[in-house]
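J.: Sending over a structure as structure tokens; questions will come in a sec.
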Amino acid sequence: MINKVSDTYKKNLFYLIVGPLLKQIEAIFDLLIPLFMKAIIDLSFSSSRDVITRSLGEFIKLFPLIAEDNLPLSYCFTGGMIILFMGIFGFITTMITQYLASLTACNVGTELRNSLYKKLMMLSKIERERLNVNHLLTVLNSDSYQVQRGVMFFIRLAIRAPLIVVGSLVISFILDWQIGLIFLGITPLIIIIIMCIMSKTSKMYLKIQGKVDDLSLKTTETVIGSKEIRAFNKKEKEDTVFENKAIEYQNSYLKVNKLNALVNPLTFAIVSVATVLVVILGSFAMEQGIMFNGSVLMPSTLLTEVAYLELIFQTVVVITNLVDIFTKASVSSKRCNEVLKIKPSIINSEYQKIKHIDQGEEIISFKNAYLSFVDGGNYALKNISFSLNKGESLGIIGATGSGKSTILQLILRFADATEGDVFYKGINIKDYSLNSLRSEIAYVPQKAVLFEGSIESNLKMSDKNCSDISIEQALKASCAYQFVKEYDDYLDHKVNEGGLNFSGGQRQRLTIARALVKKSEVLILDDSTSALDLLTDKKVRENIDDMYPDLTKIIVSQRVATISSSDKIIVIDKGEINAIGDHEYLLKNCPLYLETYLSQIRGDENE
């Protein structure tokens with residue numbers, strides 16, 4: 001995984017050098033062709049060898065196939081063949097360069113996206129929320145593409161364009177230094193225009209990408225909360241909010257495009273004025289017989305100078321587009337680097353050996369653990385201390401937002417304790433590699449998440465080598481077998497994105513089955529039976545106890561009935577442990593637990 005965008009360039013350095021070098025062959029041919037055309041024109045209008053020699057100079061040595069009796073025609077034929085050869089060879093090198101450019105750009109884009117994705121997966125929940133998930137998605141998708149596009153055009157045009165401009169300027173001086181001064185005069189003007197516009201647009205593109213983040217955030221909120229929006233008749237309001245954000249983005253983009261659009265007409269105007277000056281100066285010189293470079297200016301020289309002016313203009317148009325592309329790529333590269341340089345707070349240890357312990361030995365313990373999601377901010381957990389032995393069941397109950405699920409984050413190392421320690425099998429949890437730790441813990445989250453595919457592919461996420469017997473046992477334990485067996489295609493039954501073709505209760509039972517397939521030592525159920533009725537909830541827990549007797553279970557729930565049979569129950573309130581004990585002990589010694597129990601009993605009776 002790379003740490004900055006430039007690392008991808010180093011990995012593709014060979015192509016980044018060879019590609020532009022091959023492109024220079026085409027550029028050199030483009031510069032030479034007007035000279036050969038000039039020679040052909042001169043030969044077409046003169047049969048005098050001294051005129052030919054003076055016109056071609058050293059180029060005459062390139063024409064060995066000279067027929068003495070038809071000198072101009074032979075020169076023209078030979079020159080034409082050379083131009084054709086240069087065109088064919090230039091085409092071949094261009095195709096090779098285009099291939100290398102596409103290959104290198106894809107390599108850079110793929111490496112960058114993979115590294116960004118791996119970085120996102122390494123970030124803790126705290127870091128992801130701090131950066132904003134929609135910003136991260138925009139960086140991963142949009143910004144990485146802009147960098148990829150910048151690499152492709154760098155190989156194809158970034159070196160060729162300056163060579164064409166400089167080469168045209170040098171050749172114009174060689175042909176006629178007075179006309180060359182006109183070329184030299186327009187070059188700084190064009191550079192100043194490009195640099196001024198580039199300096200303004202780079203800052204504007206940074207703001208535009210920020211507006212893309214806002215649009216992405218609003219889109220996500222609208223899609224997720226579509227039911228609520230319709231239920232509260234807020235569709236028109238949300239439509240207006242989204243339209244305003246879209247208009248803001250549109251106006252910003254139009255503004256920057258208007259600036260970029262100025263480059264072409266301004267440079268065209270400059271080149272057009274230069275062309276008029278060259279033609280007027282050349283025509284006047286030929287008419288008055290004024291000497292240039294020790295001889296009378298020839299029409300072919302004037303046409304060649306105009307040809308190089310046109311070549312400069314075409315190249316400037318390319319440079320204009322490159323300025324836009326490279327500005328976007330530069331801004332996007334900075335945004336990518338901001339993500340890549342983040343040092344995840346969850347540091348993966350090299351220690352992979354998992355200690356074996358017997359039933360009844362301590363498997364998980366907390367020692368005065370604190371957790372804060374903001375530096376120097378309020379603590380989400382305060383002074384958490386408890387222990388759990390292998391084979392036992394632990395229930396955690398508390399009000400919404402009390403910190404129940406946050407304790408689980410520390411066990412799974414989705415976050416690390418700000419103060420204090422968490423131990424797994426007697427070893428500090430930070431000393432285990434993440435893969436080793438999580439391979440022994442099966443987790444069922446609050447929100448049941450299924451992935452597009454089949455029932456079988458979802459269940460085998462836990463263990464791709466699991467047997468059909470293990471899958472069937474897990475389905476029966478989670479009470480999912482009763483509806484899965486009804487499908488004609490059984491385990492091959494299609495699962496849509498997010499499992500939306502299943503009910504909430506079916507999704508929860510399938511996610512519990514997926515965790516049981518893993519055959520881990522610890523099973524964590526984070527309020528994962530909330531969509532089940534009490535009878536099914538009880539049946540699932542009894543099945544797990546009967547079919548997986550050695551499993552250590554941690555159950556988070558707001559239902560007393562769900563955790564009442566646990567060996568140990570933690571009552572948590574405002575991030576602190578209020579009481580610890582079994583069901584009977586807490587009914588006698590914990591008023592908060594008793595109040596919760598009585599309120600739920602009365603609620604059940606009223607129902």
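The values are calculated or read from the model by the stated rules, or taken from the named source; none is laboratory data. A quick note: this is a predicted structure, and the numbers were derived from the prediction, not measured. FYI the Cβ positions are ideal-geometry reconstructions off the backbone, even for glycines, and counts take in every protein chain you see. For accessibility, only protein heavy atoms count, side chains too; no ligands or nucleic acids. Shrake-Rupley method; radii C 1.70, N 1.55, O 1.52, S 1.80 Å.
J.: Of the conditions (1) crowded, with 18+ Cβ neighbours inside 10 Å; (2) without any contact (Cβ under 8 Å) to a residue 40 or more places away in the chain; (3) at positive phi, Y490 clears all except one; give me its number.
T.: The number of the failed condition is (1).
J.: Ok, one more. With the structure loaded, tell me whether I570 is open to solvent by less than 40 Å² (accessible area, probe 1.4 Å), under 30 Å from N378 (Cβ atoms) and not in a helix (DSSP H, G or I) or whether it fails that test. Spell out how you get there, then give the answer.
T.: Working: open to solvent by less than 40 Å² (accessible area, probe 1.4 Å): yes; under 30 Å from N378 (Cβ atoms): yes; not in a helix (DSSP H, G or I): yes.
Criteria met by I570.
J.: From the residues in segment 114-127 that are of a type in the set (A, V, I, L, M, F, W, C) and under 14 Å from the mean Cα position of the chain (by Cα), which one is modelled with the highest pLDDT?
T.: My answer is L116.
J.: From the list S439, S454, pick out the single residue that is open to solvent by less than 30 Å² (accessible area, probe 1.4 Å) and among the polar types (S, T, N, Q).
T.: On the way: S439 fails: open to solvent by less than 30 Å² (accessible area, probe 1.4 Å).
Of S439, S454, the one residue that is open to solvent by less than 30 Å² (accessible area, probe 1.4 Å) and among the polar types (S, T, N, Q) is S454.
J.: Let me spell it out: the conditions are (1) in a loop (DSSP other than H, G, I, E, B); (2) in contact with a strand residue (DSSP E or B) (Cβ under 7 Å, 6 or more places away or on another chain); (3) buried (at least 20 other Cβ atoms within 10 Å of the Cβ), and Q446 meets all of them except one. Which number is the exception?
T.: (3)
J.: For segment 355-372, how many residues are under 19 Å from K404 (Cβ atoms) and either surrounded by 17 or more Cβ atoms within 10 Å (Cβ to Cβ) or of a type in the set (V, I, T) (or both)?
T.: 6
J.: A follow-up question, please. If we scan segment 186-201, do we find a residue that is assigned to a helix (DSSP H, G or I), in contact (Cβ under 8 Å) with a residue 12 or more places away in the chain and among the hydroxyl-bearing types (S, T, Y)?
T.: Quick first cut of segment 186-201, residues assigned to a helix (DSSP H, G or I) only: 186-201.
Keeping just the survivors that are in contact (Cβ under 8 Å) with a residue 12 or more places away in the chain gives 186-187, 189-190, 193-194, 197-198, 200-201.
Then keep just the ones that are among the hydroxyl-bearing types (S, T, Y); that gives 187, 201.
Yes.
J.: Can you name the residue in segment 99-118 that is in contact (Cβ under 8 Å) with a residue 60 or more places away in the chain and open to solvent by less than 10 Å² (accessible area, probe 1.4 Å) and, of all such residues, is farthest from M1 (Cα to Cα)? Write out each step before concluding.
T.: Residues of segment 99-118 that are in contact (Cβ under 8 Å) with a residue 60 or more places away in the chain, as a first pass: 100-101, 103-104, 107-108, 111-112, 114-116, 118.
From what's left, open to solvent by less than 10 Å² (accessible area, probe 1.4 Å): 101, 104, 108, 112, 115-116.
Working: A101: 22, T104: 17, V108: 12, L112: 9, S115: 5, L116: 9 Å.
It comes out as A101.
J.: Let me ask something else. Identify, please: which residue in segment 260-271 is part of a helix (DSSP H, G or I) and open to solvent by 40 Å² or more (accessible area, probe 1.4 Å) and is, among those, farthest from N321 (Cα to Cα)?
T.: In the first step, residues of segment 260-271 are kept if they are part of a helix (DSSP H, G or I); the result is 260-261, 263-271.
If we keep only those that are open to solvent by 40 Å² or more (accessible area, probe 1.4 Å) as well, we get 261, 264-266, 268-269.
On the way: A261: 10, N264: 9, P265: 13, L266: 14, F268: 14, A269: 17 Å.
My answer is A269.
J.: Mind telling me which of the residues R507, R541 ends up being touching a residue at least 40 places away in the same chain (Cβ under 8 Å) and open to solvent by 30 Å² or more (accessible area, probe 1.4 Å)?
T.: Details: R541 fails: touching a residue at least 40 places away in the same chain (Cβ under 8 Å).
One residue alone meets the criteria, R507.
J.: Out of (1) assigned to a helix (DSSP H, G or I); (2) closer than 30 Å to L594 by Cβ, the odd one out for I469 is which?
T.: For I469, the failing item is (2).
J.: Got at least one residue in segment 224-232 being crowded, with 17+ Cβ neighbours inside 10 Å and part of a helix (DSSP H, G or I)? Don't jump to the end; show me each part of the working.
T.: Step one: of segment 224-232, the residues crowded, with 17+ Cβ neighbours inside 10 Å are 229.
Going one step further and asking which of them are part of a helix (DSSP H, G or I), we end up with 229.
So far as segment 224-232 goes, yes, one or more of its residues are crowded, with 17+ Cβ neighbours inside 10 Å and part of a helix (DSSP H, G or I).
J.: Can you work out which of the residues in segment 128-140 that are assigned to a helix (DSSP H, G or I) and surrounded by fewer than 18 Cβ atoms within 10 Å (Cβ to Cβ) is modelled with the lowest pLDDT? It would help to see each step written out before you state the result.
T.: Here is the first cut: in segment 128-140, the residues assigned to a helix (DSSP H, G or I) are 128-131, 133-140.
Next, from what is left, pick out any that are surrounded by fewer than 18 Cβ atoms within 10 Å (Cβ to Cβ): 128-131, 133, 137.
Values: R128: 77, E129: 71, R130: 74, L131: 76, V133: 75, L137: 82.
Filtering first and then ranking leaves E129.
Yes/no matrix, rows are residues, columns are (1) under 18 Å from I325 (Cβ atoms); (2) among the basic types (K, R):
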{"residue": "I164", "(1), (2)": "yes, no"}
{"residue": "V170", "(1), (2)": "no, no"}
{"residue": "I174", "(1), (2)": "no, no"}
{"residue": "K200", "(1), (2)": "yes, yes"}
{"residue": "L206", "(1), (2)": "yes, no"}
{"residue": "T219", "(1), (2)": "no, no"}
{"residue": "I229", "(1), (2)": "no, no"}
{"residue": "E238", "(1), (2)": "no, no"}
{"residue": "K245", "(1), (2)": "no, yes"}
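J.: From I155, I171, I179, I164, grab the single residue that is in a helix (DSSP H, G or I), modelled with pLDDT of 80 or more and in contact with an Asp or Glu (Cβ under 7 Å, 6 or more places away or on another chain).
T.: Numbers: I155 fails: in contact with an Asp or Glu (Cβ under 7 Å, 6 or more places away or on another chain); I171 fails: in contact with an Asp or Glu (Cβ under 7 Å, 6 or more places away or on another chain); I179 fails: modelled with pLDDT of 80 or more.
The unique qualifying residue is I164.
J.: Moving on. Does segment 176-195 hold any residues that are open to solvent by 40 Å² or more (accessible area, probe 1.4 Å) and of a type in the set (A, V, I, L, M, F, W, C), and which are they?
T.: Within segment 176-195, W177, L181, L184, L189, I191, I192, M195 meet the criteria.
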